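Scroll down for the structure; my scribbles are underneath it.
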Amino acid sequence: MARIRTIKPEFFTSEDIVSISPLARLLYIATWCEADKEGRLAWKPRTLKMRYLPSDNCNVDDLCAELTSSGLVVLYGDGLAHIPGFAKHQHVNPRESKSVLPEPTTHVDRKPSHIPRDIRDDIMARDEGRCVRCGSDDHPQLDHILPQSCGGPHVVENLRVLCRSCNAGRPVSGKGLDDDLAKDGLSLKNLRVKFGVDASNLDLHAQVGREGKGREGNSDASRQDGFEEFWEAYPSKKAKPAALKAFKTAKINGNLPLVLAHIGVMASSEGWTKNGGQFVPMPATYLNQRRWEDDAAPNPVSERKWI
Ligand SMILES: [Zn+2]
């Protein structure tokens, strides 16, 4: 089901819209097309760049920062985003597929989880592999500015490189955290607003302790929760037993929403729809190669004009 989105004349004169750059306005419109019927999407700036601004010479991270800092897009959960004004402005076709992404207000990570490799690589490259606080390159580590235990998401805007000693010394809760954030001109309150984290949902410090603990020891090779959801969403239904085996091996767990979102994007892409879906990878291949960690394929630039 193709997505159709509505744009109203007052969009162009709304105060929050005119205060962002023209390309950020265009990217904002693009997020409506990327979002599902509830206004939720996987937040992948590079994919947005390739799909919606394919030939523009621009820094997509800066454009994304305009959208998030203005509150037009709110980040949440594990690399997800939602568009607060979506339901108010859009009249979505009732036949459009229902959202497979969790509700923003109820979705809270219960334990630290894996940072997608492409995001990890982006951060290391951006910060040149050095601690952004002291410049040391001693054991550079990815740090969540708003800690995961406070609901801080795995998104570019919330990640940075710190050296081992700067990272180890960071408080993860309470006044200590607020004082620590103040060193960078930030505050817990503002970060919670920025990332759409509802403080009333969060009292996780006792459960997860210091960020980083609990990364090991939680895997369960027999876990297959979510496989049926994957199978239903995936456009090719070949070799289900092999797919189940690959699903277990891939240990998708908390990444299931991202996987489903990626499948949703790819299912309507040219690559997966041409020749009757002949080029959709086998489900087991998709899982074994962790294809959801790739950027979605770019849309080709159309030669047809808008008017
Ligand atoms: Zn340091």
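The values are calculated or read from the model by the stated rules, or taken from the named source; none is laboratory data. Nothing here was measured: the structure is a model prediction, and the numbers come from that model. Note that each Cβ is placed from the backbone with ideal geometry, even for glycine, and that neighbours are counted across all protein chains shown.
From the set of residues in region 42-68 that are small (Gly, Ala, Ser) and surrounded by 13 or more Cβ atoms within 10 Å (Cβ to Cβ), which is nearest to the chain's Cα centre (by Cα)? Steps first, please.
Pass one, region 42-68, residues small (Gly, Ala, Ser): 42, 55, 65.
From what's left, surrounded by 13 or more Cβ atoms within 10 Å (Cβ to Cβ): 42, 65.
Working: 42: 4, 65: 14 Å.
Going through the qualifying residues, I end up with 42.
Exactly one of (1) of a type in the set (Lys, Arg); (2) more than 30 Å from residue 29 (Cβ to Cβ); (3) away from the ligand (no atom under 16 Å from the Cβ) is unmet by residue 130. Its number?
Checking residue 130 against (1) of a type in the set (Lys, Arg); (2) more than 30 Å from residue 29 (Cβ to Cβ); (3) away from the ligand (no atom under 16 Å from the Cβ), the one that fails is (3).
Go through region 267-288 and give me each residue that's surrounded by fewer than 22 Cβ atoms within 10 Å (Cβ to Cβ) and part of a helix (DSSP H, G or I).
Matches in region 267-288: 267, 270, 271, 272, 273, 274, 275, 276, 277, 284, 285, 288.
Of a type in the set (Gly, Ala, Ser), within 16 Å of the ligand (Cβ to nearest atom) and either under 16 Å from the mean Cα position of the chain (by Cα) or part of a loop (DSSP other than H, G, I, E, B) (or both) - does that describe any residue in region 104-113?
Here is the first cut: in region 104-113, the residues of a type in the set (Gly, Ala, Ser) are 113.
Add one more test, that the residue is within 16 Å of the ligand (Cβ to nearest atom), and what stays is none.
No, that holds for no residue.
Any idea how many residues of region 6-22 are at pLDDT 90 or above and within 13 Å of residue 70 (Cα to Cα)? Give the steps one after another, and end with the answer.
Going residue by residue through region 6-22, those that are at pLDDT 90 or above are 6-7, 21-22.
In the following step, the residues that additionally are within 13 Å of residue 70 (Cα to Cα) were identified as 21.
Final tally of qualifying residues: 1.
Only one residue in 71, 77, 39 is within 18 Å of the chain's Cα centre (by Cα), modelled with pLDDT under 85, outside the structural domain of residue 261 (by TED's automatic domain parsing) and among the small types (Gly, Ala, Ser), so which one is that? Give the derivation first.
Working: 71 fails: modelled with pLDDT under 85; 39 fails: modelled with pLDDT under 85.
Selected residue: 77, the only one of 71, 77, 39 that is within 18 Å of the chain's Cα centre (by Cα), modelled with pLDDT under 85, outside the structural domain of residue 261 (by TED's automatic domain parsing) and among the small types (Gly, Ala, Ser).
Per-residue answers, yes or no, for (1) aliphatic (A, V, I, L, M); (2) modelled with pLDDT of 90 or more:
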residue: 24; (1), (2): yes, yes
residue: 32; (1), (2): no, yes
residue: 51; (1), (2): no, yes
residue: 108; (1), (2): yes, no
residue: 112; (1), (2): no, no
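From the residues in region 167-182 that are of a type outside the set (S, T, N, Q) and within 12 Å of the ligand (Cβ to nearest atom), which one is nearest to residue 150 (Cα to Cα)? Write out each step before concluding.
Of the residues in region 167-182, the ones of a type outside the set (S, T, N, Q) are 168-172, 174-182.
Subset that is within 12 Å of the ligand (Cβ to nearest atom): 168-170.
Numbers: 168: 17, 169: 17, 170: 13 Å.
The residue in question is 170.
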